[in-house]
Structures are given as C-alpha cells and as structure tokens.
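The values are calculated or read from the model by the stated rules, or taken from the named source; none is laboratory data. Quantities reported herein were computed from a predicted structural model and do not represent experimental measurements. Here the Cβ is made from the backbone with ideal geometry for all residues, glycine too, and neighbour counts use every protein chain on show. Accessible surface areas use protein heavy atoms only, side chains included; no ligands, DNA or RNA. Shrake-Rupley method; radii C 1.70, N 1.55, O 1.52, S 1.80 Å.
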Amino acid sequence: MSLYAMQKFLFALNREAEVQRRYAEGGDTRTALLAGYDLNDEEREAIATGDVGKLYVLGCNGQLLMHFAPLLGIAWADYLEAMREGVRKYGPVRAGIYAMTTGTDEKVAGV
C-alpha cells in the first residue's frame, strides 16, 4: 500500500488549482495525473471514482478527505456517512492513524 502517495495526492489536490483542474477534467487527463503518483490499482480506482469510504479504510487522513469531499460535491453529513459506509462495506481501517480506532462492530467503533 502506498498511503503516503495517496495522501500526497490529496494534499496537492486540496491546494493546487492545476491539480484540481486536471482531476475535474476526468478521462485521460485524470488518468495521466494519477499516473504521476505511486498508487496501486485499488488506491488509484478509489481516488479516480471519489470513493471517500474506501480511501478512509485504506488509511487516508480525515483532514485531507474532508477537503476532497467538497471538491466532489459531497455535503458534510454525507461525507461522515461515506466514511461509516466505507467501514461497513470494506471492513476496518487498514492503515494510518485511524487503523486503531475503527472496526466493523458499530457498538465498538462508535459509528
């Protein structure tokens, strides 16, 4: 897994207008943009499709994801639910700071 590369991309996307433009353009432009980062296929697909829940489960920091969500047109409440749904759908967070604080059992995870 290349958690650093995912978070590096999200950081650039959140701050750089040119990265935002290339991501928003989609298609070959988005594909070329993502090719510049050391991502595996699962990570690349999650970013390309805007799967906030999967990115959370893969270990992306919520501070980065909370800026990515509005770029995708996702409202705050829906962003929070997307992370919860990610845990339900893909299992507990696999890496990063949230790996120790989430689980699939709602009573334990507090979701």
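Solvent exposure of the chain amounts to 56 Å² per residue of accessible area, where only protein heavy atoms count and the probe is 1.4 Å. Heavy-atom accessible surface of Lys8, to the nearest 10 Å², is about 110 Å², with a 1.4 Å probe and all protein chains retained. Solvent-accessible area of the chain (1.4 angstrom probe, protein heavy atoms only): carbon and sulfur portion equals 52 percent.
Relative intensity of the chain on a log10 scale, I(q)/I(0) at q = 0.11, 0.14, 0.20 Å⁻¹, equals -0.32, -0.52, -1.02, per a Debye sum over C-alpha point scatterers of equal strength in the absence of solvent. Each of Ala32 and Tyr4 was given a label point 7 Å from its Cα along the Cα-to-Cβ line. The distance between the two points is 2.7 nm. Only DSSP H runs of four or more residues enter the estimate; each adds -39500 (n - 2.57), and after division by the residues of the chain the mean residue ellipticity at 222 nm equals -19500 deg cm²/dmol.
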